[in-house]
Amino acid sequence: MTKNTSHRSGLAFIRWTGWAAFCSLLFSWPAHAADSENRSAVGVPEEVLVLGEQPGPGLWKVSKGGHTLWILGTYVPTPRGMVWRSKQVEAVIAASNEVLGPYSASLRVKESKPYQARGNKLRDVLPRRVHARWRSLRDEYIGEDAETESLLPTAAALLLRAQAYERIGLTHADDVWRTIYRQAGSHGVPIRPLAYEMGPVTPDNNSSRLARQNGVTYLVETMDRLETDMTQARARANAWALGDMEVLKTLVEADASYAQSLAYSWPFLSQQQVVDLQRQAENKLLSALERALNRNETTLVVLPVHLILRGNGVVSSLRAAGYSVEDPR
């Protein structure tokens, strides 16, 4: 078998997390991967992906006096071949004083060398049977590549899942933001990124062994549920494209424990540090939204849909703060 080079950009980005963990403190970080063949994975039930022009979900409306914040939830991966077109979003951008996004939360770690540079390869940290299983799935979805042996277990899991998604007709290409940039530019509306960097923090060496084991557990969990995860990813992608909020809510709740496993799987932080950093990121985001509501008559904010829909997410927090919130129609 020859090497599959389609994952190179994703692999390079994931390896970088060894010293500056772009691990999405809000518990969801999709690994980027380039296009690969549109083939269905063996054993995954077929679900027809919606293609062509689709509206995506409706917008939440948050009001304070005469000021309005509109919230669009995004989701990746999306069906390859889908074209996003939302007349509601087009109208809101045209009327907005400002667009907020894209959102990112990153973490700088005080560490002179990447963890994997200490000589730990996947074959060294994974039990023999787990490593053999990883190699089999890697060869199937990623391709034979010795470089993957230098990945952290968590990064290996993210790359494996991203490449598997590509195989079933989903893409991580962010056409939604391309469209938003184009429309905002045509109306002269400025875009303010929501990019937050926490840290630098010192790794908690006392929790390093537990965190490393959590990373192995996360990789095993990813392999265990890979076929189910691909099926759910198709369902999520379709639900987002069609604007089916009920299905999206159900699937976001179903992902809660898996996302928590991801958050605790990076070998840098104790669980308490993760909780504290998550709270910091949430507070920074909510403060930015409240400032936008105060300074602009109309604002559009574009956020990953899981940040909006989860139980303690943006919508519930704004409601709790006393703002008027209307769900998408």
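Return the pairs, sorted by first residue and then second, in which the second residue is crowded, with 16+ Cβ neighbours inside 10 Å and assigned to a helix (DSSP H, G or I), the first residue lies in the stretch 224-240 and is on the phi < 0 side of the Ramachandran plot and of a type in the set (Phe, Trp, Tyr), the beta carbons are less than 9 Å apart, and the residues are 6+ apart or on different chains.
240/248; 240/305
State all residues of the stretch 289-322 that are modelled with pLDDT of 95 or more and outside any helix (DSSP H, G or I); if no residue qualifies, say none.
Within the stretch 289-322, 296, 297, 298, 299, 300, 301, 302 meet the criteria.
Looking for something at pLDDT below 95 and in a helix (DSSP H, G or I) - is there at least one such residue anywhere in the stretch 181-203?
No, because not a single residue in the stretch 181-203 is at pLDDT below 95 and in a helix (DSSP H, G or I).
Determine, yes or no, whether residue 209 is over 27 Å from residue 166 (Cβ atoms) and either modelled with pLDDT under 80 or crowded, with 19+ Cβ neighbours inside 10 Å (or both).
Details: over 27 Å from residue 166 (Cβ atoms): yes; either modelled with pLDDT under 80 or crowded, with 19+ Cβ neighbours inside 10 Å (or both): yes.
When the stated conditions are applied, residue 209 passes them.
Could you give me the residue pairs with C-beta distances under 8 Å whose first residue belongs to the stretch 158-172 and is more than 12 Å from residue 138 (Cα to Cα), whose second residue is of a type in the set (D, E, K, R) and assigned to a loop (DSSP other than H, G, I, E, B) wherever it lies, and which are 6+ apart or on separate chains?
That search, which allows pairs on different chains as well, returns 166/35; 167/37; 167/39; 168/39; 169/80; 170/80; 171/35; 171/80.
Where the second residue is assigned to a strand (DSSP E or B) and the first is among the aromatic types (Phe, Trp, Tyr) and lies in the stretch 73-87, which pairs have Cβ atoms under 8 Å and are six or more apart or on separate chains?
Sorted first by the residue in the stretch 73-87, then by its partner, the pairs are 75/304; 84/53; 84/54; 84/78.
If we scan the stretch 233-254, do we find a residue that is acidic (Asp, Glu), modelled with pLDDT under 85 and not in a helix (DSSP H, G or I)?
Of the residues in the stretch 233-254, the ones acidic (Asp, Glu) are 244, 246, 253.
Okay, now just the ones that are also modelled with pLDDT under 85, so 253.
The next check asks that each one be not in a helix (DSSP H, G or I); those that pass are none.
For the stretch 233-254, residues acidic (Asp, Glu), modelled with pLDDT under 85 and not in a helix (DSSP H, G or I): absent.
Collect the residues in the stretch 45-70 that are of a type in the set (A, V, I, L, M), at pLDDT 90 or above and closer than 17 Å to residue 242 by Cα, keeping them in residue-number order.
Filtering the stretch 45-70 down to residues of a type in the set (A, V, I, L, M) leaves 48-51, 59, 62, 69.
Remaining after also requiring at pLDDT 90 or above: 59, 62, 69.
59 - this is the single residue of the stretch 45-70 that is of a type in the set (A, V, I, L, M), at pLDDT 90 or above and closer than 17 Å to residue 242 by Cα.
Within the stretch 276-310, how many residues are surrounded by fewer than 18 Cβ atoms within 10 Å (Cβ to Cβ), of a type in the set (Gly, Ala, Ser) and touching a residue at least 40 places away in the same chain (Cβ under 8 Å)?
Selection size over the stretch 276-310: 1.
Give me a count of the residues in the stretch 97-107 that are out of contact with any Lys or Arg (no Cβ under 7 Å at 6 or more places or on another chain) and surrounded by fewer than 23 Cβ atoms within 10 Å (Cβ to Cβ).
Result for the stretch 97-107: 6.
If a residue must be surrounded by fewer than 17 Cβ atoms within 10 Å (Cβ to Cβ) and within 30 Å of residue 302 (Cβ to Cβ), how many such residues does the stretch 132-173 contain?
Looking only at that region, the number is 1.
The values are calculated or read from the model by the stated rules, or taken from the named source; none is laboratory data. Note that this is a predicted model, so its numbers are computed, not measured. All Cβ positions, glycine included, derive from the backbone under ideal geometry; neighbour counts span all protein chains shown.
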